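To start, the structure itself, in structure tokens.
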Amino acid sequence: MLTRSGLLSLLFTLLLPAAVLAGKWTAPPAAAIASAHPAATEAGMRILRQGGNAFDAAVTVTAVLAVAEPYSSGIGGGGFYLLHKAGDGLTSMLDARERAPFEATRDMYLDSDGEPTSASLEGPLSAGIPGIPAALVELANAHGRLPLQQTLQPAIEIASGGFAVDEHYRRMANMRLELLQRYPQTAAIFLHENQVPPLGHVVRQPDLAGTLSRIAAYGNTGFYSPLASGDMVEQIRRDGGIWSLSDLAGYRLLYREPVTTHYRGWRVTSAAPPSSGGIALATMFAILSHYDLESMSEGQRYHHIIEAMRHAYRDRAEYLGDPDHVQVPVDKLLSEEHVRSKLDWISSDEATPSASLPPVPVEGARGTDTTHFSILDGEGNRVSATLSINYPFGSGYVIPGTGILLNDEMDDFSAKPGSPNGYGLVGAEANAIAPGKRPLSSMSPTFLEHEERLVILGTPGGSRIITMVLLGALEAMRGGTAEQVASLRRLHHQYLPDRVVFEEGAISGSVADELTLLGHELQQQESPYGNMQVVIWDKEIGQVDAASDPRGAGSAAVLPRLSVARAAAN
Ligand code: GLY
């Protein structure tokens, strides 16, 4: 006779789909979210519990981050959403990147001597036309199941009720204090008595709650129509910006085919231009696939990774820009011939001085802040999204009466092709400013897929985003847990300046000596960088694991599915 537990076990076995019994979980046994703010992770989880899918949760997480992490991303910003729909297996990238206003000109940020000014970083003139409001509407209407009124509600509540200032907020506000003090409407929201608010101070944004409610009620019309944007445009122009009604009415999201590459049994899917992330990652993986990293000493392993970084960032500088405005030679960049031409430069005996490579007219790409979240739902839908308003607190300019803090993403263009930017990154004509153009980005939301594992990851960090994703991916491919991938110590090389920067503990003393002997210049960073958000689904053991970077204040959560019956429909 069967015992109670035996009966349960038999029932469980009968209910299990054949694919699971065969050792393959074709849908995850749990959902998971990792994001840079606990309120966003919690709100996204609430939406999943209410029956929403990963795309509904992405709406909620985006909007809550916009409210509670105002220094990183927002309604006044843009980003890239890498989407995978379990139903039809389709993967695409929703490009919600800001566009240059139609009145933008190539030299708009140069002074009378032809030198770049801070106008690309501060005030309304530095703001591109935001894509996040359109992305919220598109995610809800085209992919979600729940109405925007429901998915935006958590953000509206936090905007009205407020959130408490933490240490990270204080650091970010301190970085841009003068700018925040410049605009009284900004200072009234984000400062306290015109200074960085104390810990625990509650930041309330009732105007932003109103803006979010209008988007919830009217969709795109609530932000981009002349009725909604007339006052905004008037204010922005009065304060020195160049937005027009047609900029708002003409903003379009784009679906782009992500960049996909293969590395040792893994499929790597990442952001397409106008992000440089996918192509740079594909270049680095293509180079590294010619070496057996695992059999190398740690010093040699890092040496080859650094050389791969050097070559990928050199290509980034020369070729990458908005594919709707310049021809980005994607096929050439990813061709075996091109990769082989790079291998000729790489020697295991010495570093290749960047100056010895064919020169590139120099430029930049930056962003010390930005945010990322990773979501997997119980059906296998996934979202990897990196969103930004560029520098901490963006342009520092809030459109009066709206609560919308504008981005300063225009600074991601080459204000002066041929000159290195604040991050020392170099670029060329491909990323020069033009009306309606999207600035080149480093944001690299990524999926890694293997027969046994699926990884969703990404991070903020300006020019270092791509190398952080590379190192995180290599760690995940070695079997690292979500926690190990998120907390991994980092190093970075970006072609110019020709040096390796690294976090404390990333390179041991003896490895540092080895790299120095090979000719690498090393520079330890004073503080850690990045804020990686990782979700891993191990299909072999049917386990979902998530982690938020310990360097940040975010959180990760896993929601086990109550039923496995839908876990492997096929
Ligand atoms: N604003 C940062 C980036 O797009 O790379």
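Per the Debye calculation on the range 248-323 with a single equal scatterer at every Cα and no solvent contribution, log₁₀ I(q)/I(0) for q = 0.28 Å⁻¹ amounts to -1.27.
Residue exposure proxy: Tyr291, Tyr71, Tyr255, Tyr81, ordered by other Cβ atoms within 10 angstrom of their Cβ from fewest to most, comes out as Tyr255, Tyr291, Tyr71, Tyr81. Please find the FRET efficiency linking Arg171 to Arg340, where r is the Cβ-Cβ separation and R0 is fixed at 45 Å, and quote it to the nearest 0.05. Calculated value: 0.50.
Selection among Gly78, Gln543, Ser356 by position relative to the dipole of the chain gives Gln543 as farthest towards the positive end (Cβ unit charges, Cα centre). Normalised by 2.2 N^0.38 Å, where N is the number of residues, the alpha-carbon radius of gyration of the range 38-142 equals 1.35. For the chain, the Kirkwood hydrodynamic radius from C-alpha pairs, put into Stokes-Einstein at 37 °C and a viscosity of 0.692 mPa s, yields a diffusion coefficient of 138 µm² per second.
Converting phi to 3J(HN,Hα) with the Karplus coefficients 6.51, -1.76 and 1.60 and the offset θ = phi - 60°, the range 530-541 yields x, 7, 7, 10, 10, 10, 10, 10, 8, 6, 5, 9 Hz in sequence order, with x at every glycine or proline. The calculated FRET efficiency for the pair His192 and Gln149, based on their C-beta separation and a Förster distance of 25 Å, comes to about 0.20. Based on the convex hull around the alpha carbon atoms, the range 468-570 presents an average projected area of 9.1 nm². Charge dipole of the chain (Cα centre as origin; +1 on each Lys and Arg Cβ, -1 on each Asp and Glu Cβ, all else neutral): 1620 debye, rounded to the nearest 20. Simple spin-label estimate for Gln524 and Arg238 gives 5.3 nm between the two label positions (7 Å along the Cα-to-Cβ direction from each Cα). Annotation: amide H-H contacts under 5 Å for Ile404 (H modelled 1.01 Å from N, sequence separation of 5 or more, or interchain): Ile399.
On the beta carbon distance between Arg252 and Glu452, with R0 = 35 Å, the FRET formula returns roughly 0.35. Semi-axes of the equivalent ellipsoid for the range 90-220, computed as √(5λ) from the eigenvalues of its C-alpha gyration tensor and ordered from largest down, come to 29, 26, 12 Å. Compared with the direct C-alpha span, the chain from Ser356 to Arg214 gains 45.6 nm at full extension, assuming 0.36 nm per residue. Taking label points 7 Å from Cα along the Cα-to-Cβ direction, Arg499 and Arg46 give a separation of 4.6 nm.
Values quoted throughout were computed directly from the atomic coordinates according to the rules given, and no laboratory measurement underlies them. Quick caveat: nothing in here was measured; it's all calculated off a predicted structure. Glycine also receives a Cβ, built like all others from the backbone with ideal geometry; neighbour counts cover every protein chain displayed.
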